[in-house]
Amino acid sequence: MTDMNKDLVELVWGRPSCSAVTETPFRRWTQGFVFSQTEPSALEQLEGGPCAVIAPVQAFLLKNVLFNCEGSSWPEISEDEQKVALCHTLSEILETACFHKAESYCLAVWSRAKMLEDSEIPGGHPESSQPTEGQQPSALGADQLGFERFHAVIQRRTLKTVEELKEAVLSFYDMWRNKFGVLLFLYSVILTKGIENIKNEIEDTLEPLIDPVYGHGSQSLINLLVTGHAVSNVWDGDRECSGMKLHGIHEQATVGFLTLMESLRYCKVGASLKSPKFPVWILGSETHLSVFFTKEMALVAPESPSEQARRVFQTFDPEDNGFIPDSLLEDVMKALDLVSEPEYVNLMKSKLDPEGLGVVLLGPFLLEFFPDQDTGIPDSFPVYHYNGLKQSNHNEKVAYVEGTALVLGFEDPMVRTDDTPIKRCLQTKWPYIELLWTTDRSPSLN
């Protein structure tokens, strides 16, 4: 194994004390980008773990199919359209990961020289069965390739321009779809970004990108695929904590990220990920990633004054209690450029807290200062959910679950549907969203 490959393995898998420990999660990651027979634009995930790559790729792929393709028959794409959409998506993610838009990109591909070595060992295959560079080495017993051997037969291929990159990604289409395609693409992203650049962005460099025991991808890995930056946090910008600078997300993402962990108050996702450029969101549970999407661009329109007010108010209410101490009302009003003279602030305190409880509730605050709740979002619109795991789908067939969403105002909602994990996850973005699914049960986040 070359030094480059050793550094790559250490970054992704850590330094396993026992190679057998890594072998099991490695096997779970050995799959290609395979399209569902039921849903032509949906990728299948064979086992737990690689959703950290497959879900971001699926999110970008849906963005491209929904908004970059002509016609309205986006669910019924052909095999040729699958190929174009997948390769365009992989190229786009690699471009995003390119550090400071440097003039070179890297692909992790099969080494033909190493293949030749395999063909010469006892039990190997004759030269007529040797693959060309980049081809899946099925003739060389890919099914028997273990962790160590796999990493010994990959090499780095450098492309100098975006045009060369797109051409190469397309030429390796069969490789992306075959047994090790997901890992080879992940390694391509890492090599394009640069191993040292990634180490400089990760908060804890001792934490590998893939858990060597359970095979789950870290938040740094997810952020790398989604934003091109391997930071460990999901908030906006950088924060200081005990003299340490903790890196977050610095610009609006192309596709979004929401997590059930926020509803459980383990973290706070910033606006850069919550309000992406396109209405496609990766949804995180405790152990899995799925995708929520719609064609309704109004969902990603610039926030209205009332939405901005809600966001600012909540920055003074980090526990999401729905209220703030009345002593903070002046700070909130200043942050929103409202009249904040002491006499007026005291008048508002009396009006918003008539019982003198010392708190100001979010609802009355918004009604007082931002009574117009028209956000431009339709009363209802179709939404879809994707989960790549067969066992999480009806009849074990990977397909989108369709539903209708209603995004209501903060006043008493007229409709109350379920209280499921997917709804709680989406409520971190739209607190009063209601979901009506066409299936008997709500789609699963796991």
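For (1) touching a strand residue (DSSP E or B) at 6+ places or on another chain (Cβ under 6 Å); (2) of a type in the set (D, E, K, R), each residue gets a yes or a no:
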position	(1), (2)
S290	yes, no
K295	no, yes
A301	no, no
R310	no, yes
F313	no, no
G322	no, no
M348	no, no
L352	yes, no
G356	no, no
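Name the residue, out of E303, E240, that is acidic (D, E), farther than 23 Å from P50 by Cβ and in a loop (DSSP other than H, G, I, E, B).
E303
Scanning the stretch 306-338 for residues that are among the acidic types (D, E) and in a helix (DSSP H, G or I) yields E307, D326, E330, D331. Would you confirm whether any residue within the stretch 211-221 is closer than 30 Å to V359 by Cα, in contact (Cβ under 8 Å) with a residue 12 or more places away in the chain and touching a Pro at 6+ places or on another chain (Cβ under 7 Å)? No, the stretch 211-221 contains no residue that is closer than 30 Å to V359 by Cα, in contact (Cβ under 8 Å) with a residue 12 or more places away in the chain and touching a Pro at 6+ places or on another chain (Cβ under 7 Å). Selection of first residues in the stretch 287-303 that are closer than 17 Å to L62 by Cα and at pLDDT below 90 and of second residues that are of a type in the set (K, R) and assigned to a loop (DSSP other than H, G, I, E, B), restricted to Cβ pairs under 8 Å at least 6 apart or on distinct chains, gives the following pairs, ordered by first then second residue: V300/K277. Would you check if there is a residue in the stretch 275-298 being of a type in the set (F, W, Y) and part of a loop (DSSP other than H, G, I, E, B)? Yes, the conditions are met somewhere in the stretch 275-298. Within the stretch 269-299, if we keep just the residues that are surrounded by 18 or more Cβ atoms within 10 Å (Cβ to Cβ) and over 15 Å from the mean Cα position of the chain (by Cα), the residue that is farthest from F369 (Cα to Cα) turns out to be T294.
The values are calculated or read from the model by the stated rules, or taken from the named source; none is laboratory data. Remember, it's a predicted structure, so these values are computed and weren't measured experimentally. All Cβ positions, glycine included, derive from the backbone under ideal geometry; neighbour counts span all protein chains shown.
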